[in-house]
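Take a look at the structure set out below.
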Amino acid sequence: MKSRILATAGALVLASATITGCAAGSGGGGDADTLTFMFRGNDAEKAAYTDAIKQFEKDNDVKVKVIMTTPDEYSTKLKAAITGKQIPDVFYIDPGSVQAYVRSGIIKDITDKVEETVDLDNVWEYGVDSYRFDGKLMGQGAIYAMPKDIGPFSFGYNKTMFEAAGIPLPDKDKPYSWDEFIDVAKKLTLDTNGDGTLDQWGTGLNVQWNLQSFVWSNGGDWLNEDRTKVTVDTPEFAEALQFFADMSNVAKVTPSTTDAQTLDTYQRWMQGQIGFFPVGPWDVPTYEKLDFEWDLIPYPVGSTGETASWIGTLGIAVSESSKNPDLATELAIYLSTDETAQQALVDAGVQIPNLKDMADEWVASSTLPPSNKQEFLDVANDYGRALPGGNTYSAEWYDELWKNIQPVLDGKQTAAEYLSDVQPRMQELLDKANAEAGIG
Ligand code: CA
């Protein structure tokens, strides 16, 4: 599941060892008549971009050289380009890189052009705000990139499995409480052929991508408001992590460690063996082909009574050293907000529209699953939050939580014990990141 998410709008970029990737397109390179656009993606995305870029070339009498890498290679290849002073005019960045790139003068402040040419009321606020930086904090101030997309991380259920078990379908407008969720998950955990071993399970979630929802809806969080203190050692956080671990060890509504080794829960969900599983927009083209019916609901709610989830995003930034900064900025804006370019990406099934009016139209008119597409928009508009590691100068402090969490998931250590143990290590790494960023 990790590699599936990293391949998409979502997550922090991890470096990989190899530098390959393919260059395509035409043009001389490095001069004012040519723009270079570097991105990571798959063939469907490349195809969707190709027509849009052709149109941009025609409209602006410019050549755009396109460099596509695989998701795993991107970070390494971009770093190599920066080191070698061959920075593409326009390129993808994740929110976690913005501060460092602004401080080292790599990306350009594009606020003026964006405000002049874009109706920002019609673009997801989260998408634009993810690339704002005021010199101290992310989320406010000048705009350093436009969103390539936003990826609201939603929750799905196997409707066919519910019907077979004779369980009332979840209410899309009224999330389960944690107790109700466990109760339903138990009813879905079944030995359907009576041979003494389980054939289907209520759920099976990856802690790194699903814990956020449980913590936030229980009133916990990773950081205080000014992002100077790590707050994982609170009762609300501990209760959420304990609940997460207890799904496996106490309620036993997930595949056992042994079961998970033979086939991971992503594969089991795809085979119709899992009741509840997360769904991002990037999953939809694959899940459209599943041979069971599924739909979206809000994540179950903890003590706050409010559902919660995260939104991923990738941005499109402009190089400060571009020889053609105006056109480069126009290309970034075009790829983010031009209706034709957006439609091509939406038709390729890889993302939800960046423009709110297009998204409403998509919800109303598309007949493909999920039928409750509105849930994606609700995450985007109402209650989705940034992943905690993306808002700070470095995500090392955030990654530290996952490193030694396994004993908690295995029921060998309590969540409260682990969290009070890991908090000082996380705090030290956060202090280091904040010192590097000049925040005290
Ligand atoms: Ca069985």
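When Ser217 is tested against (1) in contact (Cβ under 8 Å) with a residue 24 or more places away in the chain; (2) within 16 Å of the ligand (Cβ to nearest atom), exactly one condition is not met: (2).
Selection of the range 198-225 for residues being exposed (fewer than 15 other Cβ atoms within 10 Å of the Cβ) and at pLDDT 95 or above yields Asp199, Asn224. Leu223 fulfils the conditions (1) hydrophobic (A, V, I, L, M, F, W, C); (2) under 26 Å from Val379 (Cα atoms); (3) within 16 Å of the ligand (Cβ to nearest atom) except for a single criterion, (3). Only residues that are within 14 Å of Leu205 (Cβ to Cβ), of a type in the set (Asp, Glu) and in a helix (DSSP H, G or I) were counted across the range 243-300, and they come to 1. Applying the selection to the range 180-194, what residues are in a loop (DSSP other than H, G, I, E, B) and either basic (Lys, Arg) or within 11 Å of the ligand (Cβ to nearest atom) (or both)? Correct list: Asp191, Thr192, Asn193, Gly194. Is it fair to say Ala341 is crowded, with 19+ Cβ neighbours inside 10 Å and at pLDDT 95 or above? Answer is no for this residue. With respect to the stated conditions, Asp173 fails to be more than 17 Å from the chain's Cα centre (by Cα), of a type in the set (D, E, K, R) and farther than 27 Å from Ala359 by Cα.
Screening Trp397, Trp362, Trp402 for residues that are over 18 Å from the mean Cα position of the chain (by Cα), within 24 Å of Phe237 (Cβ to Cβ) and in a helix (DSSP H, G or I) leaves exactly one candidate, Trp397. Counting only residues that are away from the ligand (no atom under 16 Å from the Cβ) and touching a strand residue (DSSP E or B) at 6+ places or on another chain (Cβ under 6 Å), the range 195-209 holds 2 of them.
Selection within the range 107-139: residues that are buried (at least 20 other Cβ atoms within 10 Å of the Cβ) and β-branched (Val, Ile, Thr). The member of this set that is nearest to Phe91 (Cα to Cα) is Ile107.
Among the residues making up the range 186-232, those that are farther than 22 Å from Thr262 by Cβ and among the aromatic types (Phe, Trp, Tyr) are Phe214, Trp216, Trp222. Scanning the range 150-179 for residues that are closer than 16 Å to Pro369 by Cα and among the β-branched types (Val, Ile, Thr) returns a single hit, Thr160.
Summed over the range 403-423, residues that are of a type in the set (S, T, N, Q) and without any contact (Cβ under 8 Å) to a residue 60 or more places away in the chain total 3. The residues of the range 163-179 that are within 19 Å of Met247 (Cβ to Cβ) and within 16 Å of the ligand (Cβ to nearest atom) amount to a single one, Ala165.
In the range 359-372, the residues that are over 20 Å from Ser336 (Cβ atoms) reach residues that are exposed (fewer than 13 other Cβ atoms within 10 Å of the Cβ) and not hydroxyl-bearing (Ser, Thr, Tyr) with C-beta atoms within less than 7 angstrom, at least six apart or across chains, in these pairs: Leu368/Glu288; Pro369/Glu288. Assessment of the range 271-290 against the conditions (over 18 Å from the mean Cα position of the chain (by Cα), charged (D, E, K, R) and over 22 Å from Phe214 (Cα atoms)) yields at least one matching residue.
The values are calculated or read from the model by the stated rules, or taken from the named source; none is laboratory data. Model, not experiment: these values are computed from the prediction. Backbone-built Cβ (ideal geometry, glycine too); neighbour counts: all protein chains shown.
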